[in-house]
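Take a look at the structure below.
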Amino acid sequence: MLKLVIAFLLSSFSLSLYAADTSVPDVRKIALPGTVALTFDDGPNPVYTRQILAILKKYNIKATFFMVGTNAQKYPDVVKEIHEQGHVIANHSLTHPMLTKVSEAQLQKEIAMPSEIIDGIIGIKPKCLRYPFGASNEHVRAEIRAHGMMPTPMGFNSFDYDRPGKEKIVSWVLKNIYSKQVILMHDGYDKREQTVAALPEIIEGIQKKGLGFSTICG
């Protein structure tokens with residue numbers, strides 16, 4: 001019995017090393033009234049993220065980038081560029097698994113390590129974690145909060161990762177746009193050409209509807 005108690009205490013202590021910060025920042029998870037929030041998942045990518053940054057700069061728009069920790073570690077210069085251009089950087093797990101399906105030890109790493117990587121690059125820890133695939137449960141959300149971040153859903157899904165064609169991406173987003181909406185798009189991994197091509201028309205279409213742009217998780 002004593003051995004079981006000791007083992008439990010050691011296990012709890014080990015997990016607490018990852019979850020030392022229990023303060024959750026007071027941040028917005030929706031766009032400001034009269035605006036929408038453009039968000040980009042799975043990056044950074046040295047090609048597509050930079051193309052997206054150039055478009056955002058042209059239209060003087062700030063966005064929120066939910067980064068995969070391994071990609072941030074691989075492309076620190078792109079992380080710095082995003083930060084220096086005034087965009088918000090947030091956490092999107094370490095390796096992009098379904099957090100509801102991983103072991104407890106892996107869950108802690110998936111939540112904690114991306115924040116440490118990003119902090120090491122720009123000196124700021126993310127305030128939000130968007131769980132991959134929109135998959136979460138009470139335990140996952142509690143662990144995200146235990147690490148000092150706000151659990152964040154995906155928002156309106158543009159389905160750009162399906163690569164249905166630029167025109168379909170633009171039409172789908174603009175047909176469903178409204179004030180305070182958060183739009184999910186992707187800059188990470190590969191084959192994001194359609195997202196890049198669609199982005200200017202999406203931005204101009206939103207502007208024609210009289211809406212502006214804001215960030216979340218900043």
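The values are calculated or read from the model by the stated rules, or taken from the named source; none is laboratory data. On a predicted model such as this, the values are computed, not experimentally measured, just so you know. Backbone-built Cβ (ideal geometry, glycine too); neighbour counts: all protein chains shown.
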Hits in the range 119-146 (condition: part of a helix (DSSP H, G or I), within 16 Å of Met67 (Cα to Cα) and over 12 Å from the mean Cα position of the chain (by Cα)): Asp119, Gly120, Ile121, Ile122, Ile144
Residue within the range 104-115 that is touching a residue at least 24 places away in the same chain (Cβ under 8 Å) and touching a Lys or Arg at 6+ places or on another chain (Cβ under 9 Å) present: yes
Residue that is surrounded by the fewest Cβ atoms within 10 Å (Cβ to Cβ), among those in the range 102-131 that are hydroxyl-bearing (Ser, Thr, Tyr) and more than 20 Å from Gly155 (Cα to Cα): Ser103
Residue check, Glu204 at pLDDT 95 or above and within 26 Å of Val27 (Cα to Cα): no
Residues being touching a helix residue (DSSP H, G or I) at 6+ places or on another chain (Cβ under 8 Å) and surrounded by 21 or more Cβ atoms within 10 Å (Cβ to Cβ) - total across the range 88-101: 6
Subset of the range 17-56 [touching an Asp or Glu at 6+ places or on another chain (Cβ under 8 Å) and at pLDDT below 95]: Ala19
Filter result for Ala72 (buried (at least 16 other Cβ atoms within 10 Å of the Cβ) and either of a type in the set (Phe, Trp, Tyr) or touching a strand residue (DSSP E or B) at 6+ places or on another chain (Cβ under 9 Å) (or both)): yes
Residues satisfying the stated conditions in the range 200-218, i.e. among the small types (Gly, Ala, Ser) and surrounded by fewer than 19 Cβ atoms within 10 Å (Cβ to Cβ): Gly205, Gly210, Gly212, Gly218
